[in-house]
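So the structure is just underneath, and the comments pick up after that.
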Amino acid sequence: MKKVIIPILCFLFSEASAQEIQTSPAEKMNIVKTNVTAYVFRNINLSYERAFTQWFSLNIGFGTMPEGKVPFINAFLKDKDEKRFENLRVKATHFTIEPRFYLGQGYGKGFYIAPYYRYSDVSSNTFDFYYDYNGPDGNTYPIPLKGGGSANGNSGGLMVGVQFFLTRSQNLVLDFWIAGAHYGGGKGDFSMTSDYVLTPDMQAQLKKEIENLDIPFVKYTVETNANGARIKVDGPWAGFRSGISLGYRF
């Protein structure tokens, strides 16, 4: 009888131990997070991370920026150019797929390296724009135009970061994106129309004015006609990532 009971007890103990390990906080496999620093840019965002092994997880994120002023537009436009876009409003969305490879404790904790893919979409309202046309008579004439359009980009990048568990239950999570950068291609189409019929000289000056805006990280070309201008985005699409996310692990 003892020969039968002892193996059974050993089996039950091993099963209980295995169940205890599986339900321990160290093996909670899901994390829902939001990047709190992104709200400075009106970026409402949410991400979900799922651990598949101790060292590998997949993080999927979505963010949207409601229509409003371009954040920190004065950082890349001169004061006089910023005034030309006084009523410009933009909205944007982005979607990110990010495999993570953990180098520390794992299961969502410690330093990680994360290659990622990001899709971005940006569009504007119908905004006012003007430029000063220097006429052949020596006078300057403000020429008003209406602008608007959208652009999107696909890019790939790499990020390094570290993730911490803040409570003993390991439910509260802090994810520090130390640094990340992505690069890819973008396409877009923006138009500017005028109620004036633009002469070739007016068109030439308008083209030069738009090209001199020198918007960073985006390559664009300008075409003009008697009705206004068309700005085509077709080239490099780059960006940077850094921030702090807070989340819940379950």
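Things to note:
- Some residue of region 141-153 being free of Cβ contacts under 8 Å to residues at least 12 places away in the same chain and open to solvent by 80 Å² or more (accessible area, probe 1.4 Å): yes
- Test: residue in region 86-95 that is modelled with pLDDT of 95 or more, closer than 22 Å to Leu174 by Cα and among the β-branched types (Val, Ile, Thr): no
- Residue in region 34-44 that is touching a residue at least 60 places away in the same chain (Cβ under 8 Å), of a type outside the set (A, V, I, L, M) and part of a strand (DSSP E or B) present: yes
- Filter pass, Met159 being touching a residue at least 24 places away in the same chain (Cβ under 8 Å), of a type in the set (A, V, I, L, M), farther than 30 Å from Arg249 by Cβ and surrounded by 19 or more Cβ atoms within 10 Å (Cβ to Cβ): no
- Among (1) open to solvent by 50 Å² or more (accessible area, probe 1.4 Å); (2) over 30 Å from Phe164 (Cβ atoms) - the single one Val90 does not satisfy: (1)
- Candidates Phe62, Phe101, Phe129, Phe95, filtered to the one that is over 14 Å from the mean Cα position of the chain (by Cα), assigned to a strand (DSSP E or B) and without any contact (Cβ under 8 Å) to a residue 60 or more places away in the chain: Phe101
- Test: residue in region 72-87 that is part of a strand (DSSP E or B) and either touching a residue at least 12 places away in the same chain (Cβ under 8 Å) or out of contact with any Asp or Glu (no Cβ under 7 Å at 6 or more places or on another chain) (or both): no
So that you can scan it fast, the table gives a plain yes or no per residue for (1) in contact with a Pro (Cβ under 7 Å, 6 or more places away or on another chain); (2) without any contact (Cβ under 8 Å) to a residue 60 or more places away in the chain:
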position: Phe190; (1), (2): no, no
position: Thr199; (1), (2): no, yes
position: Met202; (1), (2): no, no
position: Gln205; (1), (2): no, no
position: Glu209; (1), (2): no, no
position: Lys219; (1), (2): yes, yes
position: Ile231; (1), (2): no, no
position: Asp234; (1), (2): no, yes
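The values are calculated or read from the model by the stated rules, or taken from the named source; none is laboratory data. Just so it is clear, the model here is predicted, and its values are computed rather than measured. Counting neighbours? That spans all protein chains shown, and the Cβs are built from the backbone with ideal geometry, glycine included. When the accessible area is computed, the model is the full protein with side chains, heavy atoms only, and any ligands, DNA or RNA have been set aside. Shrake-Rupley method; radii C 1.70, N 1.55, O 1.52, S 1.80 Å.
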